[in-house]
1. For the chain, what is the accessible area per residue in Å² when the probe is 1.4 Å?
2. Based on the mean of other Cβ atoms within 10 Å per residue, sort peptides 84-92, 7-15 so the most packed one is first.
3. Rank Leu26, Leu158, Leu116 by mean-square fluctuation in a GNM of the chain with C-alpha springs under 10 angstrom and give only the top-ranked residue.
4. Work the Kirkwood hydrodynamic radius out for the stretch 27-168: mean of 1/r over every pair of different alpha-carbon atoms, inverted, in Å.
5. Calculate the dipole size of the stretch 128-200 relative to its Cα centre from +1 charges on Lys and Arg beta carbons and -1 charges on Asp and Glu beta carbons; express the result in debye to the nearest 20.
6. As a test of the formula, what do you get for the chain when each DSSP H run with n ≥ 4 contributes -39,500 (n - 2.57) and the sum is divided by the residue count, at 222 nm and rounded to the nearest 500 deg cm²/dmol?
7. Semi-axes of the equivalent ellipsoid for the stretch 28-83, please: Cα gyration tensor eigenvalues, times 5, square-rooted, ordered largest first, whole Å.
8. Can you give the charge dipole size of the stretch 17-75 about its Cα centre, rounded to the nearest 20 debye, using +1 on the beta carbon of Lys and Arg and -1 on the beta carbon of Asp and Glu?
Amino acid sequence: LLSSALNQLGALELDRGELDAAEQTLRRAAALFVERSDTLRPELAGVLNNLAVVLASRPDRLEEAAQAYADALRIVEHNGGSGPRLATLYANQANVYRLMGRYDVAETHFDRAMALLTGSLGAEHPATLTAAASLGSMYEVAGRYEDAIQVLRGPLALARSSLPTDHPATAYIENVLATALCQRSDPSGFEEGLAAARSSLASRQASLGPDHWG
């Protein structure tokens, strides 16, 4: 189908950083579903997700991104979707709300994503652990350092016991935890935070190389 081909092209343009072209291509794909009155087709949710990623990369278009995710969620839920796909949309939308400073809404969506991922993939799955890290990151950005620390300790222990030592999910959790520990008013966690930061850096250097931007 043309709409599927356009969605794939838009995703490719997005990967290349060609945001204007990607938006135009993905909007053409979405328009085809509207023209055919197929606005509840599961494939349209994928188009809207990709379009939301494009929009979320621009600070002045976060409201549009949140709406695109909401439309995608509505379609997936209408078609009985559950588990990882629905969780990914919730997590993606939560990240947009985090960028908007709407932390209460973001927290609700992160909680939904984590519940779905834990139920479908398990608590030790990298996707579940990454969602927990994103929730911790939101708490850290909001200045809720103790909440961030509490949310991250369990997932970090699971990541260290179940994933390879240089897994990016572990490094992500360590990095967020280090930031929260070093920024809170209680200095007792500084050494632990420094150790977590060093571990995260060593993991990234091992997996990405010493000169990688990440």
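The values are calculated or read from the model by the stated rules, or taken from the named source; none is laboratory data. A quick note: this is a predicted structure, and the numbers were derived from the prediction, not measured. Here the Cβ positions follow ideal geometry from the backbone for every residue, glycine too, while neighbour counts run over all protein chains shown. SASA here: full protein model, heavy atoms, side chains in, ligands and nucleic acids out. Shrake-Rupley method; radii C 1.70, N 1.55, O 1.52, S 1.80 Å.
1. Spelled out: the 1.4 Å probe surface of the chain, per residue, equals 50 Å².
2. On the way: 84-92: 21.6, 7-15: 18.0.
Ranking the peptides 84-92, 7-15 by packing returns 84-92, 7-15.
3. Leu158
4. Working: mean 1/r = 0.0630 Å⁻¹.
Computed over Cα pairs of the stretch 27-168, the Kirkwood hydrodynamic radius comes out at 15.9 Å.
5. Values: 5 positive and 8 negative charges, 22 e Å.
Using Cβ point charges on Lys, Arg, Asp and Glu, the stretch 128-200 gives about 100 debye.
6. Working: 10 runs with 166 residues, N = 214.
-26000 deg cm²/dmol, from helical runs alone.
7. Values: eigenvalues 77, 40, 12 Å².
Square roots of five times the eigenvalues give 20, 14, 8 Å.
8. On the way: 7 positive and 10 negative charges, 32 e Å.
Value, rounded to 20: 160 debye.
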